[in-house]
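Data block below; observations after.
The values are calculated or read from the model by the stated rules, or taken from the named source; none is laboratory data. These numbers come from a predicted model, not from an experiment. Cβ: placed from backbone, ideal geometry, glycine included. Neighbour counts: every protein chain shown. To get the accessible areas, we keep the full protein, side chains included, count just its heavy atoms, and leave off ligands, DNA and RNA. Shrake-Rupley method; radii C 1.70, N 1.55, O 1.52, S 1.80 Å.
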Amino acid sequence: MVLFVTELWERFAYYGVRALLILYLIDTAAGGLGWSREHASRLYGWYNGLLYLTPVAGGWLADRLLGANRTLAIGGALISLGYFTLALSTESAFYGGLFLVIMGTGCFKPNVYTMVGQLYSPHDVRRDSGFTLYYMGINLGALFGPLVCAWFAASPRFGWPWGFGIAGAGMLIGLGFYLGTRGHRLSGVGLRPRASGGASADELAARGSLTPQERQSMVALALVTIFVVFFWLAFEQVGSSLNLFAAQRTERTLSGWAAGWAPQGEIPAAWFQAVNPLFVLLLAPVVARWWQRLGPRAPSTQAKMALGLIVLGLGYVIMVLAAAKSDRGILVSPWYLISFYFVYSLGELCFLPAGFSFVGQAAPARLASMLMGIWLAANFLANLIGGYLAGMIEGFERGEFSWAFGGQADFFLLFVVSCLGAGALLTLLLPLITRLMRSAAAS
């Protein structure tokens, strides 16, 4: 519960700002920075990518010096300060705020996942379901963050600074809750790890290299991490290309009584980013229960990840259809995005909770936070590539990169092919990965 609520508020802040960022960058009418879509998409890619690169350093800091508990608290404070800095709404404050959020997330992110993993033994049958239920906390924050922050940002009474400031306040609430309730509930969790015989992680590392068993599990982890790049490349289009599709190619005007619930009678584009976490909240208990009911017949952790890639690729088929229609100059029904996010959420629930659980199973205990950071660093490459791809949308629209249907339909087809291909390849590698994990466990 402590980690659930703490992560809920951190994700409230993160997803609230993620929903606003690229729209703020391209806005020319209401106090935004007025950047081009290409420039904005590239900065979004660098920002989101660096959020996943700095956890390597944050994991090392926790493993070697401070422990996950203290490092997480420092990270929460930096994140909150960063969002409040963004609310100052100057260009220098904008860059300074992003820097603080990036550094704070590096300290926060790997350590909260590590502490969840420490609640379960590596082979506890409840582990995958526990991560799935914990993942509901992430998505509860992700549901309300875009709704609340975007409402303030889109309202003529408030504007962009309020959207960023509300995110900072949310992170501050989460940090206060963590510090006030951790106490005995997480006794022994998040401390600096000690090896048997009282040796510290530094002392154990100095004695020698990894054991053969640790090498086998880390080879399995390295293989699976390759496929994380393909997943996140498609998954993180939400804040860039999909956000722009909602803003520029989706019919968002409301009429009648519904118009009074949205700023200026129009659905803010950022609100569509709340659809995914809503589906996750509805589907997560069903998926967790289904894995439990299957018991020993349930897919392995790595098989769930392969399934998640395939399902995500199928979801992008819907976006290919929506983009093909919008390429004819038509504003498409919001049901295209809603349907896409339903399938997208199913793929997410198969892949991400299993992925975080897999790291806990494969990573040596003395390197748990740092290896979680390296796992998250795969997202750096994915976000960077994804940001530059999103910046090429105008080229797809002009036909410069046409290869199948033309226009934005070709852009979204890239993710159909990459996800289905990666999912099929991971499926072929499952026997090898399973053997490596079994050998390490048996040893």
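Take the conditions (1) of a type in the set (S, T, N, Q); (2) open to solvent by 30 Å² or more (accessible area, probe 1.4 Å); (3) at pLDDT 80 or above; Gln361 misses just one of them, which is (3).
Filtering the range 321-334 for residues that are within 24 Å of Leu140 (Cβ to Cβ) and surrounded by fewer than 18 Cβ atoms within 10 Å (Cβ to Cβ) leaves a non-empty set. The sole residue among Arg11, Arg37 that is among the charged types (D, E, K, R) and closer than 24 Å to Met392 by Cβ is Arg37.
Considering only helices (runs of 4 or more DSSP H) fully contained in the range 117-216, which possess at least 2 residues that are at pLDDT below 80? So that I can check it myself, show each step before the final result.
Numbers: elements: 127-154, 160-181, 201-207.
Where helices (runs of 4 or more DSSP H) fall fully within the range 117-216 and carry at least 2 residues being at pLDDT below 80, they are 127-154, 201-207.
When you scan the range 125-137, do you find a residue that is in contact with a Gly (Cβ under 7 Å, 6 or more places away or on another chain) and among the aliphatic types (A, V, I, L, M), even just one? So far as the range 125-137 goes, no, none of its residues is in contact with a Gly (Cβ under 7 Å, 6 or more places away or on another chain) and among the aliphatic types (A, V, I, L, M).
Residue check: Phe131 meets all listed conditions (1) crowded, with 21+ Cβ neighbours inside 10 Å; (2) hydrophobic (A, V, I, L, M, F, W, C); (3) under 17 Å from Gln273 (Cβ atoms) but one, namely (3). Residues that are open to solvent by less than 50 Å² (accessible area, probe 1.4 Å), out of contact with any helix residue (DSSP H, G or I) (no Cβ under 7 Å at 6 or more places or on another chain) and more than 23 Å from Gly141 (Cα to Cα) are absent from the range 6-26 altogether.
Identify all residues within the range 222-262 that are under 15 Å from Ala377 (Cβ atoms) and of a type in the set (A, V, I, L, M); write none if there are none. Selection gives Ala222, Val224, Ile226, Val228, Val229, Leu233. Among the criteria (1) closer than 17 Å to Leu147 by Cβ; (2) in contact (Cβ under 8 Å) with a residue 40 or more places away in the chain, the one Gly265 does not fulfil is (2).
Taking the listed residues Leu420, Leu428, the one that is assigned to a helix (DSSP H, G or I), exposed (fewer than 14 other Cβ atoms within 10 Å of the Cβ) and modelled with pLDDT of 90 or more is Leu428, with no other qualifying. Does Tyr44 satisfy being open to solvent by less than 30 Å² (accessible area, probe 1.4 Å), within 24 Å of Glu397 (Cα to Cα) and either out of contact with any Lys or Arg (no Cβ under 8 Å at 6 or more places or on another chain) or not hydrophobic (A, V, I, L, M, F, W, C) (or both)? Against the criterion (open to solvent by less than 30 Å² (accessible area, probe 1.4 Å), within 24 Å of Glu397 (Cα to Cα) and either out of contact with any Lys or Arg (no Cβ under 8 Å at 6 or more places or on another chain) or not hydrophobic (A, V, I, L, M, F, W, C) (or both)), Tyr44 qualifies. What pairs come up if the first residue lies in the range 406-421 and is closer than 12 Å to Ile318 by Cα, the second is crowded, with 19+ Cβ neighbours inside 10 Å and β-branched (Val, Ile, Thr), and their beta carbons are under 8 Å apart, counting only those six or more places apart or on different chains? Within 8 Å, the pairs are Ala409/Val320; Phe412/Val320; Leu413/Val320; Val416/Val320.
Residues in the range 224-246 that are out of contact with any Gly (no Cβ under 6 Å at 6 or more places or on another chain) and open to solvent by 20 Å² or more (accessible area, probe 1.4 Å): 4 in all. Residues in the range 311-320: is at least one part of a strand (DSSP E or B), out of contact with any Cys (no Cβ under 6 Å at 6 or more places or on another chain) and either at pLDDT 95 or above or open to solvent by less than 30 Å² (accessible area, probe 1.4 Å) (or both)? No, there is no match, as no residue in the range 311-320 is part of a strand (DSSP E or B), out of contact with any Cys (no Cβ under 6 Å at 6 or more places or on another chain) and either at pLDDT 95 or above or open to solvent by less than 30 Å² (accessible area, probe 1.4 Å) (or both).
Within the range 95-125, the set of residues being under 27 Å from Phe342 (Cβ atoms) and open to solvent by 40 Å² or more (accessible area, probe 1.4 Å) is empty. The set of residues in the range 247-262 being outside any helix (DSSP H, G or I), open to solvent by 40 Å² or more (accessible area, probe 1.4 Å) and either in contact (Cβ under 8 Å) with a residue 12 or more places away in the chain or farther than 27 Å from Ile318 by Cβ (or both) consists of Glu251, Thr253, Leu254.
Among the residues making up the range 248-305, those that are β-branched (Val, Ile, Thr) and either more than 22 Å from Phe342 (Cβ to Cβ) or in contact with a Lys or Arg (Cβ under 6 Å, 6 or more places away or on another chain) (or both) are Thr253, Ile267, Thr301.
Would the range 279-297 turn up any residue that is closer than 27 Å to Tyr388 by Cα, open to solvent by less than 30 Å² (accessible area, probe 1.4 Å) and either out of contact with any Ser or Thr (no Cβ under 8 Å at 6 or more places or on another chain) or not hydroxyl-bearing (Ser, Thr, Tyr) (or both)? Checked against the condition, which is being closer than 27 Å to Tyr388 by Cα, open to solvent by less than 30 Å² (accessible area, probe 1.4 Å) and either out of contact with any Ser or Thr (no Cβ under 8 Å at 6 or more places or on another chain) or not hydroxyl-bearing (Ser, Thr, Tyr) (or both), the range 279-297 yields no hits at all.
Within the range 78-94, the set of residues being within 18 Å of Tyr15 (Cα to Cα) and open to solvent by 50 Å² or more (accessible area, probe 1.4 Å) comprises Leu78, Leu81, Phe84.
Picking from residues in the range 388-405 that are within 21 Å of the chain's Cα centre (by Cα) and open to solvent by less than 40 Å² (accessible area, probe 1.4 Å), the one that is farthest from Leu314 (Cα to Cα) is Gly391.
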